[in-house]
Each structure stands twice: as structure tokens, then as C-alpha cells.
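For reference, the structure discussed in these notes is given below.
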Amino acid sequence: MLEQLSQLLSVHVIGNFVNTYAWVWPICEMFHYVGMSLLVGLIGLLDLRILGLFKGIPVKALDRFVPIGIAAFAVNFITGFIFVAGYPDGGPIEYLSNLSFQLKMGTLLLALINLMVFYYSGLHARAAATPAEGDAPVGAKVAAALSLMFWVLVIFFGRMLMYNDTLLLFLGM
Ligand code: HEM
């Protein structure tokens, strides 16, 4: 199954592009870091306010940054896809068979599901109505705590990609 997915994701145009121009990978890494910093920085700030920090700021004031967070996620999706589709030493299978990558993508999916539930369950509208010095609803606080945990785990597993053997050793695998 992973082999078939790897063939599906193996986009030769991207592979050739990555192999031809040595600057592509480091530039994508740079954008991946910028995207991660903006995404976790802005969404994280909103999560911390919902959890009760920075009470002087009404939630709505931070809500305005969410579109930048979404754009930052798109940057990471595009650069992440270039990493996987264009991986020079063995192709996508090198990432797909990497436990840290699998856990990163799984946690990323949980973070996105949590975000969807927050927005489409009415929790967001109630949280956004929280004034300065006000307390956000408990349900919104649970979603904010989960959001912070998932995004930090995405970063952790992203970093562990290069130390997958250490993770396997730690897990006794
Ligand atoms: C949306 C889909 C994403 C995909 C497909 C993806 C894929 C990847 C891949 C393949 C790498 C390894 C690059 C390398 O070998 O140097 C990587 C590194 C990393 N990613 Fe992502 N990523 C995505 C989103 C994210 C997000 C949203 C974050 C943070 C919130 C993130 C954080 C990281 C970190 C911290 C690294 C380690 C960079 C390093 O070792 O220097 N990624 N990502």
C-alpha cells in the first residue's frame, strides 16, 4: 500500500526540479519554518487567549489573524509536498515509511479535525463573543488546549523525522 502511495506521490517534474537546482530544498525549508512560525504563533496566541491568558484583549481582536494562519498552513502544505514528492534519495517512500512522518501526518489530521469542529459546532462564534476580561466557554477552552497540544506535536514529530531511529529505539521498536 505504501509503495503504491509512493508511486502516486512521486512527481517527476518536482523531483527533477529539486535535483537540478540546489537552492530549492533550503528555500523550501526556510518557507516551511516561516509557515510553521506564523501558523503556531498566530493560532497559538488565539488558543492562549481562549484559555484565559492576555485577558485585556477581546477574542475577536485575535480572530482577525486566523486567515494568515490558514495561508501559513498552505505554505507548509506546498513545501511539505515538494519535500515528499521530490525527495532525491529514494523518493516519497523514504518519508511514508518513516514513523515520525506517519505520526506527524496523523497529528496534523487531528489538529485539522479539531479546527473544523471548533468552527462548525458554533464554539467559535461563542468564543469570538468573549469581551476583554471575559471568560471563553468551556468547550472552546477544550478545543484551544487540544489545538495547542496537536500543533506542538506536529512540530515535535516534524523535527523527529531526522531522528526516527531514536524514536523507534525509545518506543522499543
Ligand atoms: C501540511 C503538510 C505538511 C507536510 C506534507 C510536511 C512535510 C515535511 C517533511 C517531508 C519534512 C522533512 C524535510 C526534510 O527532510 O528536511 C518536514 C519537516 C518539518 N516540518 Fe513539515 N510538513 C507539513 C506541515 C508542517 C506543519 C504544519 C508544521 C508545523 C506546525 C511542520 C513542521 C515541520 C518541522 C519542525 C520540520 C523539521 C525541519 C527540520 O528538520 O529542519 N510541518 N515537513
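The values are calculated or read from the model by the stated rules, or taken from the named source; none is laboratory data. Quick caveat, the model's predicted, so the values are computed rather than measured. Neighbour counts run over all protein chains shown; Cβ positions are idealised from the backbone, glycine included. Protein only, heavy atoms only, side chains kept; ligands, DNA and RNA dropped before computing areas. Shrake-Rupley method; radii C 1.70, N 1.55, O 1.52, S 1.80 Å.
Just grab the label-to-label distance for residue 119 and residue 61, each label 7 Å out from Cα along the Cβ direction, in nm (one decimal).
My value for the distance between the label points is 2.4 nm.
Work out, step by step, the length gained on full extension between residue 51 and residue 155: first 0.36 nm times the residue separation, then minus their alpha carbon distance; give nm to one decimal. It would help to have the intermediate numbers written out before the result.
Values: separation 104, 0.36 × 104 = 37.44 nm, distance 2.09 nm.
Length difference between fully extended and current span is 35.4 nm.
In the chain, carbon and sulfur make up what percent of the accessible area (probe 1.4 Å)?
Looking at the chain in its full context, I get 74 percent from C and S.
Quick check: residue separation of residue 29 and residue 11 times 0.36 nm, minus the Cα distance between them. What number comes out in nm?
Working: separation 18, 0.36 × 18 = 6.48 nm, distance 1.88 nm.
Computed gain between residue 29 and residue 11 is 4.6 nm.
What net charge do the residues around residue 70 carry, taking every other residue with its C-beta under 13 Å from that of residue 70, with Lys and Arg at +1 and Asp and Glu at -1?
Residues near residue 70 contribute 0 overall.
Each residue of region 156-163 in order: what ³J(HN,Hα) in whole Hz does its phi give by Karplus 6.51 cos²θ - 1.76 cosθ + 1.60, θ = phi - 60°, with x for Gly and Pro?
Result, rounded to whole Hz: 4, 5, x, 5, 6, 3, 7, 10.
With unit charges on the beta carbons (Lys and Arg positive, Asp and Glu negative) and the dipole taken about the Cα centre of region 23-173, which residue among 101, 69, 156 sits farthest to the positive side?
Positive-most Cα among the choices belongs to 69.
Calculate the spin-label point distance for residue 78 paired with residue 105, positioning each point 7 Å from the Cα along the beta-carbon direction, and give it in nanometres.
Between residue 105 and residue 78, the simple spin-label model gives 2.1 nm.
How big is the charge dipole of the chain about its Cα centre, in debye rounded to the nearest 20, if each Lys and Arg gets +1 on its Cβ and each Asp and Glu gets -1 on its Cβ?
About 580 debye.
Which trypsin sites (Lys or Arg not before Pro) in region 1-79 pass both tests, a DSSP loop state and at most 16 other beta-carbon atoms within 10 Å?
Listed in order of number, the matching sites are 55, 64.
Residue by residue through region 86-96, which ³J(HN,Hα) values in whole Hz follow from phi under the Karplus form 6.51 cos²θ - 1.76 cosθ + 1.60 (θ = phi - 60°), with glycine and proline marked x?
x, 4, x, 9, x, x, x, 4, 4, 7, 4
What list of ³J(HN,Hα) values in whole Hz, one per residue of region 141-150 in order, does the Karplus curve 6.51 cos²θ - 1.76 cosθ + 1.60 (θ = phi - 60°) give from phi, with Gly and Pro shown as x?
Using θ = phi - 60°, the values come out as 5, 4, 4, 5, 5, 4, 4, 4, 4, 5 Hz.
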